Amino acid sequence: MMLVTLEEARLHLRSDAEDDDPDLTLKIHAASGAVINYLKKPAFIDETGALIDGEVPFEVKAATLLMVGYLYKDRDNDEGNEYQQGFLPRPVTALLFPLRDPALA
């Protein structure tokens, strides 16, 4: 499932190299999965697990694009130590936190 299109990601990254499309598509899927996992039960996904057309909030799209950027820039690891292992980068969580389904203790 992709929360952003290939065209949106290419525009965000300022990339016009079609050679990157397969790798970029993989990163979009990975970033989308990370965002969905963080949100737990997003309201823009129906009971069958499909996206509801036109329902993905702008904050979710922006967070997904930021995550794609991190994955694209730091292909092998997080050299700048911008986030801890097992956590999303702070700018991504800053956008998503208000939308997150809180965990019950």
Exercise for the section: Note down the accessible area of residue 74, probe 1.4 Å, to the nearest 10 Å². Expected result: 30 Å²
Exercise for the section: Have a look at 62, 30, 17 and tell me which one the Gaussian network model of the chain (Cα, springs below 10 Å) gives the largest fluctuation. Expected result: 17
Completion exercise
Under the helix-only model (-39500 (n - 2.57) for each DSSP H run of 4 or more, divided by the residues of the chain), the mean residue ellipticity at 222 nm, to 500 deg cm²/dmol, is -15000 deg cm²/dmol
Exercise for the section: Report the longest stretch of the chain that contains none of the GluC sites (Glu not before Pro) sitting in a DSSP loop with at most 16 other Cβ atoms within 10 Å. Expected result: 1-46
Fill in the blank from the handout: Taking only protein heavy atoms and a 1.4 Å probe, the highest-to-lowest accessible-area order of 32, 15 is 15, 32
Exercise for the section: Return a whole-number percent for the relative contact order of the chain, with Cα pairs under 8 Å and 6 or more residues apart as the contact set. Expected result: 34 percent
Handout entry: Most mobile listed residue (45, 28, 36) in the chain, GNM with C-alpha springs under 10 Å
Key = 45
Problem - Residue-wise HN-Hα coupling along the range 6-23, computed from phi with Karplus coefficients 6.51, -1.76, 1.60 (Hz; x: Gly, Pro) - result: 4, 5, 5, 5, 4, 5, 4, 7, 6, 10, 10, 7, 5, 4, 7, 4, x, 5
Fill in the blank from the handout: For residue 48, the accessible surface traced by a 1.4 Å probe with all protein chains present amounts, in square angstrom to the nearest 10, to 110 Å²
Problem - Calculated from backbone phi, Karplus (6.51, -1.76, 1.60) coupling profile of the range 44-58 in Hz, x at Gly/Pro - result: 8, 10, 7, 5, 8, x, 9, 5, 8, 3, x, 9, 6, x, 4
Practice task
Report in % the part of the accessible area of the range 1-82 that belongs to carbon and sulfur, leaving out ligands and nucleic acids; probe 1.4 Å.
Solution key: 52 percent
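The values are calculated or read from the model by the stated rules, or taken from the named source; none is laboratory data. On a predicted model such as this, the values are computed, not experimentally measured, just so you know. No Cβ is skipped: glycine too gets one built from the backbone with ideal geometry, and neighbour counts run over all protein chains shown. Just so you know, the surface numbers come from the protein's heavy atoms only, side chains and all, with ligands and any DNA or RNA stripped out. Shrake-Rupley method; radii C 1.70, N 1.55, O 1.52, S 1.80 Å.
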